[in-house]
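Let me begin by presenting the structure, written as structure tokens, before commenting on it.
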Amino acid sequence: MSKLKTLSSMFRSAVKETKTTATTTLKQPSPTSKALNTSSSSIIKLDDSDPDSEYRTRHVCNEIMAVLRGDAAADSRGIKDDNSSKASLKIPWVSSLSQKKANLLRKEQSRTRKQKWIFKSTMPNRINRLIGMCAHNLGTEAMIDVLGKLGRETGQKECSAFIQICVDEARRTNHEDVALEQISKAFQILTYMKEQGFQLEEETYCPVLTYLIDMCMLEEFHFFCKAIKECTPSSIPRLGYYEMLFYIRVDDEEMIEELCRCISVNRRPETMDLHANYLLALCEREQKDKFLQLLEAIEITKVSTFDSVCSIFKFLGRLSLDPFAEKFLLALKNSAANCEAERISTLIYNYATSTPNLAAEDVILKFNNTHTDLEITPSTQLYEKLILYCCNLSEVHVALDVVDLMCKAGLSLSIGTLNHILLACETSYEFDLVRRIYQMICQHGLQTNHDTFRSIINLSAKMKDFHGAYAILDDLTRFNLSPTVGMYNALILGYFREKNKKGALMVLRQMERAAVKPDSETYGYLIANCENEDEVVKYYDELKLAGVEVSKHIYMALVNAFATSGQFEKAKEVLLDLDIPTRNLNEIKNVLVSALVSNGQISDALNIYEEIEQAGGHVAPKTVLTLIEHFQSEGELSRILKLLERLEDSNHWVDGCFRAILYCIRNKYLSSTVNLFKQLKNSICNDEVAMESIFDEAFAMVAGLEPTHLQFGLDLLQAIKDEFGVFPSRKCLDFMLNACIKAKNLQSSILIWKEYQAAGMPYNVLSYLRMYQAVLVSGDHKSAKVLLTKIPKDDPHIGIILKKFKEIYPSSTFEKGLEKEKKKEKKQKKNNRKEMKKQKKNNRKEMKKNKA
């Protein structure tokens, strides 16, 4: 309750300050409703003319967040819990932050967005996260009460977020009474929205209806549907989608047939939207027969919602129903409504890109052929959607083929799409395509900007083509552009990546000649790659002298530089700088943990990690993965498993789990290794190919460890066969055979040799060579002699390997065996020559006889 009072006081304090401050104004409520307007990032709106307004808003929001988190942010700076609430209420509204620092903050955010190419609004997600956190800490009723104290009523966005929270709570609990209570709260919120005159959007009622479907709660489902219909009659067609989903979920064939029959009989224009939603539900739940039954009866031109038509075409593509797609496209083109060419192109795109097992080139071909058949020309927007589709599949070369098509058709490519292609080249590691892209820019005169050339130079540097990167810098005048610090930074980073410090310093001198001033990113790269403390101090002083503000990247670079040079105490002292914004402190702490653990200071790293956890701060996935990777000693398994639980993203978890498996292998924890393999298999949805690759990597590690790990490898091999019911791959057996050679264990070698046959894998040349080496190293030259006869000698590389074996494993028996083989080969060749001579002689006699 104290949190609630503190939060309410802070809101009232902020509101009071804004009434007395000339540079701030409260955002007025909508004239149609008193609901809280959520189109702004905060409840308090500052005037845009104030340069520090954005920072002050964030400052207040950070303090509010600190209260909601239990004063975590304040505690991290050393503020005591009992004083934190009072400190929060004494926030100065007019910040002492300089305009220069506020501008730096905005520049940092802008650079981060540009580097990640973020072009979408995240406001709805931020509102949902904020409300979710408030409701989690204060409770739903208390949160509504806080909003009420601001003189505002809860708006539609907040209500939707509250309903989602109720559904999430219902899903988390195992108690039926608690779940019903949460669903009851959701219904109360729906009733409140109805009383306020809100129109219920699908995003509001979708979570609760989906939950009721999953739980097979029939009465409650009909109860909610009735309330939604009464509030928003226009939602009836969409509710048909959820109704069909419900009956499919409970496997009520009779009701499914009834709904399909009714909609097929009543083929009126006003029922076509309901018809379309039934279709979507049937296809989504893979009810192909009934989907086709309704598909025959639908009049596609009567469906009023274009989104529903798009979804239908996606399902037509998924089921490869070409005849229906062609029929519907022709009907739409020839309809009285005269469907726009742009919309028809969109439907073709949805259909082509949804077809399964179709390569990107074939998708483009299908897209173009269908447009040709319908005599429609694709628009720029549709071509760009195709380009983005190919980029998302990492088929960048196909995306460039589409750009060629656009240019030939006289269409122009947007700068945003061109930059996205360059980003796709980087993420797919197809750096060499940058040359083709630059050639297309020059040939077709594509629109570019500074970010375009920064990316091109960055890609050139990544492929170590520094000469090409400099040539592009020289060509900038052709495009009426001048070099920027970002372009030079890409070159500096490229040189440092190649450990070429001299080249990086050369770029710095070129920047000076071009009158381009280094920024915080430049100094960040220079500091991070310093070899000693003196260099760090030198560049830091230069930064200060140049008037460059110290950004979070500089602090991170200082941490890494000091840790790399062994100055661990100074690396930790970086955090004591009072100029570090609170919002960046946690991120810099994460970098410090990674830097310390990477340089062997595991104990100190764990202490700081525990400080972050105790303060309720966010531990970055990279930090967790670094900790897991650097745990080497025994007895750390429980800590590793606890760290693994901190990884929420599935990709990071898979990465962390595999590192934990390697730790278990290193320390011979068989049961834990098998358990982690099982968890990993469930996480990647039983992907057999992925699991085979993971098993291969695990046995590769066994082969690389000491000979004492051989028995562990054999036990793991048997456990995989028993627990997973699979035979090991050829790579696994090859690695295990290498481990046997390393341990000089002939018995284990014979055991693995038999596994090839058990798995149905024929022996190949490499198998014979490995087994030959295994018997040689164990001293069984008699078996080696037998195996030597099975190894083909026609390949010169095999001869080199056998010769090497002779040098490594010298023995009289081995040498005699090789000599005997050579004599046998010579004798065979001599006999072959005699046979050939004899055959020729007989042939000549036969010819003379024939002539006579």
Touching a residue at least 24 places away in the same chain (Cβ under 8 Å), within 30 Å of Lys806 (Cβ to Cβ), touching a Cys at 6+ places or on another chain (Cβ under 8 Å) and open to solvent by 10 Å² or more (accessible area, probe 1.4 Å), is that true of Ser748?
yes
Anything in region 580-595 that is of a type in the set (A, V, I, L, M, F, W, C) and part of a helix (DSSP H, G or I)? List them, or say none.
Leu585, Ile588, Val591, Leu592, Val593, Ala595
Please indicate, with yes or no, whether at least one residue in region 655-671 is more than 23 Å from Glu723 (Cα to Cα) and either touching a residue at least 12 places away in the same chain (Cβ under 8 Å) or within 20 Å of the chain's Cα centre (by Cα) (or both).
no
Which one is nearest to Glu202 (Cα to Cα) among residues in region 156-192 that are β-branched (Val, Ile, Thr) and touching a residue at least 24 places away in the same chain (Cβ under 8 Å)?
Ile163
So the helices (runs of 4 or more DSSP H) completely within region 390-467 holding 2 or more residues that are closer than 27 Å to Asn500 by Cα are 415-427, 433-444, 450-462
In region 635-652, residue surrounded by the most Cβ atoms within 10 Å (Cβ to Cβ) [restricted to those that are in a helix (DSSP H, G or I) and charged (D, E, K, R)]:
Arg639
So how many residues does region 303-332 have that are open to solvent by 70 Å² or more (accessible area, probe 1.4 Å) and part of a helix (DSSP H, G or I)?
7
Output the residue which, of all residues in region 155-184 that are among the acidic types (Asp, Glu) and at pLDDT 85 or above, is surrounded by the fewest Cβ atoms within 10 Å (Cβ to Cβ).
Asp177
Considering (1) more than 23 Å from Leu662 (Cβ to Cβ); (2) within 39 Å of the chain's Cα centre (by Cα); (3) assigned to a helix (DSSP H, G or I), say which one Leu717 fails and leave the rest.
(1)
Residues of region 333-372 satisfying the condition of being surrounded by 13 or more Cβ atoms within 10 Å (Cβ to Cβ), polar (S, T, N, Q) and either at pLDDT 90 or above or in contact with a Lys or Arg (Cβ under 6 Å, 6 or more places away or on another chain) (or both)
Ser345, Thr346, Asn350, Thr353, Ser354, Thr355, Asn368, Thr370
Out of all the residues in region 484-511, which are part of a loop (DSSP other than H, G, I, E, B) and either more than 22 Å from Ile421 (Cβ to Cβ) or open to solvent by 50 Å² or more (accessible area, probe 1.4 Å) (or both)?
Glu498, Lys499, Asn500
Residue that is most open to solvent (accessible area, probe 1.4 Å), among those in region 512-554 that are in a helix (DSSP H, G or I) and over 21 Å from Glu573 (Cα atoms)
Arg513
Would you mind finding the one in Ile588, Ile608, Ile665 that is under 30 Å from Gln718 (Cα atoms), modelled with pLDDT of 90 or more and not small (Gly, Ala, Ser)?
Ile665
Selection from region 215-235 of residues open to solvent by less than 50 Å² (accessible area, probe 1.4 Å) and among the small types (Gly, Ala, Ser) yields Ala227, Ser235
Just name the residue that is nearest to His781 (Cα to Cα) out of those in region 725-755 that are among the aromatic types (Phe, Trp, Tyr) and at pLDDT 90 or above.
Trp753
Given (1) under 24 Å from Lys622 (Cβ atoms); (2) open to solvent by less than 20 Å² (accessible area, probe 1.4 Å); (3) assigned to a helix (DSSP H, G or I), number of the condition Asp655 does not satisfy:
(2)
Scanning region 669-705 residue by residue, those surrounded by fewer than 16 Cβ atoms within 10 Å (Cβ to Cβ) and among the hydroxyl-bearing types (Ser, Thr, Tyr) turn out to be Ser671, Ser683, Ser693
Quick check: is even one residue across region 238-248 of a type outside the set (S, T, N, Q), in contact with a helix residue (DSSP H, G or I) (Cβ under 7 Å, 6 or more places away or on another chain) and not in a helix (DSSP H, G or I)?
no
Can you tell me how many residues within region 745-766 are closer than 17 Å to Leu787 by Cα and either out of contact with any Leu (no Cβ under 8 Å at 6 or more places or on another chain) or of a type outside the set (S, T, N, Q) (or both)?
14
Which of the helices (runs of 4 or more DSSP H) contained wholly in region 767-852 include at least 2 residues that are at pLDDT 80 or above and open to solvent by less than 100 Å² (accessible area, probe 1.4 Å)?
781-788, 796-808
Every residue from region 195-214 that is assigned to a helix (DSSP H, G or I), open to solvent by 70 Å² or more (accessible area, probe 1.4 Å) and modelled with pLDDT of 85 or more
Glu203
The one condition Arg261 fails out of (1) open to solvent by 80 Å² or more (accessible area, probe 1.4 Å); (2) touching a residue at least 12 places away in the same chain (Cβ under 8 Å); (3) assigned to a helix (DSSP H, G or I) is (2)
Gly616 is checked against (1) surrounded by fewer than 18 Cβ atoms within 10 Å (Cβ to Cβ); (2) part of a helix (DSSP H, G or I); (3) touching an Asp or Glu at 6+ places or on another chain (Cβ under 9 Å); (4) not charged (D, E, K, R) and fails just one. What number does that condition carry?
(2)
Failed item, numbered, when Arg238 is tested on (1) open to solvent by 10 Å² or more (accessible area, probe 1.4 Å); (2) closer than 16 Å to Val167 by Cα; (3) at pLDDT 90 or above:
(2)
Which of the numbered conditions does Leu405 fail, given that it passes all the others? Conditions: (1) modelled with pLDDT under 95; (2) under 24 Å from the mean Cα position of the chain (by Cα).
(2)
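The values are calculated or read from the model by the stated rules, or taken from the named source; none is laboratory data. The shown structure was predicted, so the numbers you read here are calculated from the model rather than taken from an experiment. Cβ: placed from backbone, ideal geometry, glycine included. Neighbour counts: every protein chain shown. SASA here: full protein model, heavy atoms, side chains in, ligands and nucleic acids out. Shrake-Rupley method; radii C 1.70, N 1.55, O 1.52, S 1.80 Å.
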